[in-house]
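Take a look at the structure set out below.
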Amino acid sequence: MTKRPPITNRVRDYRERHGGLTQAQLGEAVGVTRHTIIAIEQGHYSPSLETAFRIARLFGAGVEDVFGWEG
C-alpha cells in the first residue's frame, strides 16, 4: 500500500465552482499536465509551492483555502 502525501486539497471543488473548468484547462492555465492535476486531486501527488500558488490564484483563493496539511 502506497502512503499518500500529507497534503489535502479542494482543487476539484474549486474547479466545479468555477464554471466546470476541466482538468486539462486547469493544467494548461497553471503550466502542468492534465495527469498532474488528476494526481493532485486524487492525493497521489503534492504540487510544488509554485504550482499550489498558481492554482489558488487562478481561483482567487488563498493557498490554505485550496490546500491543507495533515502532517
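Values in this text are rule-based calculations from the coordinates and carry no lab data. Note that the structure is predicted; figures quoted are calculated from it, not measured. Because the Cβ atoms are built from the backbone with ideal geometry, glycine has one as well, and the counts that use them run over all protein chains shown.
Figures for the structure shown
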{"read-out": "Alpha-carbon spread of the chain, three principal axes, descending order, Å", "value": "34, 23, 20"}
{"read-out": "Residue among 17, 54, 34 with the largest mean-square fluctuation in a Gaussian network model of the chain, springs linking Cα atoms under 10 Å", "value": "17"}
{"read-out": "HN-Hα J in Hz across region 21-26 - Karplus 6.51, -1.76, 1.60, θ = phi - 60°, x for Gly and Pro", "value": "3, 7, 4, 5, 5, 5"}
{"read-out": "For the chain, calculated [θ]222 nm from helices alone, where every DSSP H run of n ≥ 4 adds -39500 (n - 2.57)", "value": "-13500 deg cm²/dmol"}
{"read-out": "Built amide H within the under 5 Å cut-off of residue 8, gap 5+", "value": "68, 69, 70"}
{"read-out": "Using alpha-carbon coordinates, inclination of helix 49-58 to the longest axis of the chain, degrees", "value": "40"}
{"read-out": "Test item: Cα-centred dipole of the chain, Lys/Arg +1 and Asp/Glu -1 on Cβ, debye", "value": "120"}
